[in-house]
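Since every read-out is calculated from the coordinates, none of them should be taken as a lab result. Computed from a predicted model, the values in this text were never measured in an experiment. Cβ: placed from backbone, ideal geometry, glycine included. Neighbour counts: every protein chain shown.
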Amino acid sequence: MKLLLLCLGLTLVCVLAEEANSMSRNFNVEKINGKWNSIILASDKKEKLEEHGNMTVFVEHIHVLENSLAFKFHTLTLFYSIEEECSEIFLVADKTEKAGEYSVAYDGFNTFTILKTDYDNYIMFYLINKKDRKTFLLMELYGRKPNLSSDIKEEFAKLCEEHGIVRENIIDLSNTNRCLEARE
Ligand SMILES: *[C@@H]1O[C@H](CO)[C@@H](O)[C@H](O)[C@H]1NC(C)=O
Ligand SMILES: *[C@@H]1O[C@H](CO)[C@@H](O)[C@H](O)[C@H]1NC(C)=O
């Protein structure tokens with residue numbers, strides 16, 4: 001009986017340890033492949049979240065390649081200050097020497113990691129942009145569907161706050177024009 005309890009105890013410890021390490025050890029990047037939607041955008045610099053800003057891009061898909069991730073986004077461009085149009089942006093982010101980190105040149109130099117994902121519903125990104133000796137943090141929540149539950153949104157908002165982003169810099173995009181009609 002004692003032995004059985006010991007075994008159960010050890011199994012539980014192992015299971016808990018695996019959960020804590022899921023993003024490093026058990027993370028399977030291939031499972032993030034496919035369609036995604038931008039749900040929340042957050043930054044420590046409020047001006048990076050402007051409606052027609054360079055960083056306000058809406059993901060359509062991620063294709064997992066051997067040493068890189070290929071993203072397709074849409075962005076809302078403003079013409080003659082009145083007319084909005086959705087245009088496509090294709091970016092390929094390459095693995096860096098650090099495990100789990102990718103980098104891509106876009107309006108400066110960006111490095112990002114995946115903070116958390118359950119593959120089937122949501123994925124959370126942490127990105128640092130460097131340009132002209134200035135740095136800002138961008139955190140993004142994507143969903144497989146065009147919207148996510150308020151529970152997942154709240155979990156993401158707490159994570160943003162832990163990284164120093166204030167609530168007013170956490171923008172829910174689900175009720176804005178995200179170029180959904182421009183998707184393939
Ligand atoms: C947006 O990106 C372009 C190209 O990198 C750059 O020229 C422009 O200054 C950027 N706009 C802002 C507001 O940062
Ligand atoms: C998205 O979900 C939120 C709750 O998380 C809800 O308040 C909002 O109205 C939804 N938006 C759309 C466009 O369905």
Between helix 150-162 and the chain: long-axis angle, C-alpha atoms, 0 to 90°, nearest 10 | 90 degrees
The answer for the net charge of residues other than ILE128 whose Cβ lies under 15 angstrom from its Cβ, with Lys and Arg +1 and Asp and Glu -1, is +2
Counting every Cα pair in region 22-168, what percent are over 25 Å apart?
-> 26 percent
Calculate, in nm to one decimal, what ASN67 and GLU51 gain on full extension: separation in residues at 0.36 nm each, minus their alpha carbon distance.
-> 2.6 nm
Neighbourhood net charge (12 Å Cβ-Cβ; Lys/Arg +1, Asp/Glu -1) for HIS63 | -1
Mind giving me the FRET efficiency for VAL29 and ASN147? R0 is 35 Å, r the Cβ-Cβ distance, nearest 0.05 is fine.
-> 0.90
Placing +1 at every Lys and Arg Cβ and -1 at every Asp and Glu Cβ, with all other atoms neutral, what dipole size does region 45-184 have around its Cα centre, in debye to the nearest 20?
-> 440 debye
The chain - percent relative contact order, Cα under 8 Å, separation 6 or more = 24 percent
